[in-house]
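This report refers to the structure that appears directly beneath it.
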Amino acid sequence: MRVLAAMSGGVDSAVAAARAAEAGHDVTGIHLALSRNPASYRSGARGCCTIEDSNDARRAADVIGIPFYVWDLSERFHADVVEDFMDEYAAGRTPNPCLRCNEKIKFAAVLDRALALGFDAVATGHYAQLRTGADGLIEMHRATDAGKDQSYVLGVLDQDQLRHSLFPLGDTPKSEVRAEAARRGLLVADKPDSHDICFVADGDNAGWLREKLGERAPNHGGPIVDDATGAELGRHEGTYGFTIGQRKGLRIGRPAPDGKPRFVLDIEPVTGTVRVGPHARLAVDHLAGIRPRWCGTVPTRLAGPEVTVQLRAHGREHRAEVTVTGDEVAIDLLDSAHGIAPGQAAVIYDGTRVVGSATISATRRAADHEGVR
């Protein structure tokens, strides 16, 4: 089988490429150039957009003994991931750019090009497992290493994409992957994992958005108000710098009426208002989802002890009941979640199997539903 191995420059993708080659596949390595000027996004070795990463990937391909190329997808990445990130924050939502990158870049642009060039599959270093179900469909399951499981950010993949994907690391703990890299002579064996958003320097989302949005920002300041009383507690420099559930960086000028810590409850870009309240007000028990992506058969209703949703990349699972009506997904949480924002992804599981995902468009506070304030 002809396999295109996406090599980010990290240890995981290097070992995945090596395993694919060792399995007898005809493997070609590629590195994705996601910025024409990598330093404009991030410098150092924490992301996947740097010159250092490209060099690390090339050296790994040389050790493995496979051809290696760099594909320039910078324009597509900027349009589909970076611009989407800015637009979502400007609208008061909280996007996950890693899901968008997997959907639009790694398993759309890359896979489409790979198939057009005669490759049979794309291999990546993601931690997830693929199995063939009793119905013949390809199922995606959580990785063996729960601490490294990345099925959440792959919940946007459909059946056709799964049929042309390889995840060679899904059954291996990360510690063993590093040890294997060292045995293979891969210099990235001890390279730190990437963190934060690859194109945001130092992880300072608010500062990066302030610089990049400029006059596109919906506002450049406004009040921070107590949700219960309407009292102004402070001022801010732009609603795009906040996300629901945030506590740090509020710069509240005076204590809340009850003296308790305050968290962001709501963001209103049009008026420039950020509403804050106590932690208990962050609890939600119902989610509305749009733009669903299904890994296999489209469900109509999911219920039972094995049905859960995950709402953050490394967050806990929540027991849920899911109802699907066309392109709308209603999720009732059997145990409430805190700090969930529109724009985030809800990835639906049946046991360890990923059923699909949806973008959260609205939430319902548990306190409001119960008539408690």
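Can you give the relative contact order of the range 296-366 as a percent, counting alpha carbon pairs under 8 Å and 6+ residues apart?
Relative CO of the range 296-366 lands at 29 percent.
State the three equivalent ellipsoid semi-axes of the chain, derived from the C-alpha gyration tensor as the square roots of 5 times its eigenvalues, in descending order and whole Å.
38, 25, 17
Which of the trypsin sites (Lys or Arg not before Pro) across the range 185-282 are loop residues per DSSP, with 14 or fewer other Cβ within 10 Å?
ARG247, LYS248, ARG251
For the range 327-370, which trypsin sites (Lys or Arg not before Pro) are both in a DSSP coil and crowded by at most 10 other Cβ atoms within 10 Å?
none
Could you tell me which of rounded, prolate or oblate describes the range 218-277, using a ≥ b ≥ c as the square roots of the eigenvalues of the alpha-carbon gyration tensor, with rounded for a/c under 1.5 and, failing that, prolate when a/b is larger than b/c and oblate otherwise?
Note, shape of the range 218-277 comes out prolate.
Report, ordered by chain and residue number, the lysines lying within cross-link reach of LYS104, taken as a straight Cα distance under 19 Å and ignoring same-chain residues fewer than 8 apart.
Leaving aside lysines fewer than 8 places away in the same chain, none come within reach of LYS104.
Could you compute how fast the range 2-202 diffuses translationally, taking Rh as the Kirkwood radius over C-alpha pairs and applying Stokes-Einstein at 10 °C with viscosity 1.306 mPa s? Give it in µm² per second.
Rounded to a whole number, D works out at 93 µm²/s.
Relative to the Cα centre, what is the charge dipole magnitude of the range 2-202, using +1 at the beta carbon of each Lys and Arg, -1 at the beta carbon of each Asp and Glu, and rounding to the nearest 20 debye?
In total the dipole reaches around 380 debye.
Can you list the HN-Hα couplings for the range 24-34, worked out from phi with the Karplus curve (6.51, -1.76, 1.60; θ = phi - 60°), rounded to whole Hz and with x for Gly and Pro?
Values per residue, Gly and Pro as x: x, 6, 8, 9, 10, x, 9, 10, 8, 7, 9 Hz.
Defining a contact as two alpha carbons under 8 Å apart and six or more residues distant in sequence, what relative contact order in percent does the chain show?
Averaging sequence separation for qualifying contacts and normalising by length gives 16 percent for the chain.
Comparing ASP80, ASP135, ASP120, which has the greatest mean-square fluctuation in the GNM of the chain with Cα pairs linked when under 10 Å apart?
Comparing ASP80, ASP135, ASP120 in a Gaussian network model of the chain, the most mobile one is ASP135.
Let me spell out the model: positive unit charges on the Cβ of Lys and Arg, negative unit charges on the Cβ of Asp and Glu, origin at the Cα centre of the range 304-361. What dipole size does that give, in debye rounded to 20?
The dipole of the range 304-361 has a size of about 240 debye.
Roughly what would the spin-label model give for ILE252 and ASP120, points 7 Å off Cα along C-beta, in nm?
6.0 nm
Enumerate by residue number the GluC sites (Glu not before Pro) in the range 296-327 meeting two conditions: DSSP loop (anything except H, G, I, E, B), and at most 13 other Cβ atoms within 10 Å of the site's Cβ.
GLU306
For GLU268 and ASP62 in one chain, what is 0.36 nm times their gap in residues minus the Cα-Cα distance, to one decimal in nm?
That pair, GLU268 and ASP62, stretches by 69.0 nm at full extension.
In whole Å, how far is the Cα centre of the range 279-321 from that of the range 159-204?
26 Å
Lys/Arg Cβ at +1, Asp/Glu Cβ at -1, dipole of the range 281-369 taken about the Cα centre: which of THR323, LEU302, ALA366 is farthest positive-ward?
ALA366
Please list, or write none, the lysines whose alpha carbon is within less than 16 Å of the alpha carbon of LYS174, excluding same-chain residues fewer than 8 places away.
Qualifying lysines at Cα under 16 Å: LYS148, LYS191.
Values quoted throughout were computed directly from the atomic coordinates according to the rules given, and no laboratory measurement underlies them. These numbers were taken from a predicted model, which means no experiment stands behind them. Using ideal geometry, Cβ is built from the backbone for each residue, glycine included, and neighbour counts are taken over all protein chains shown.
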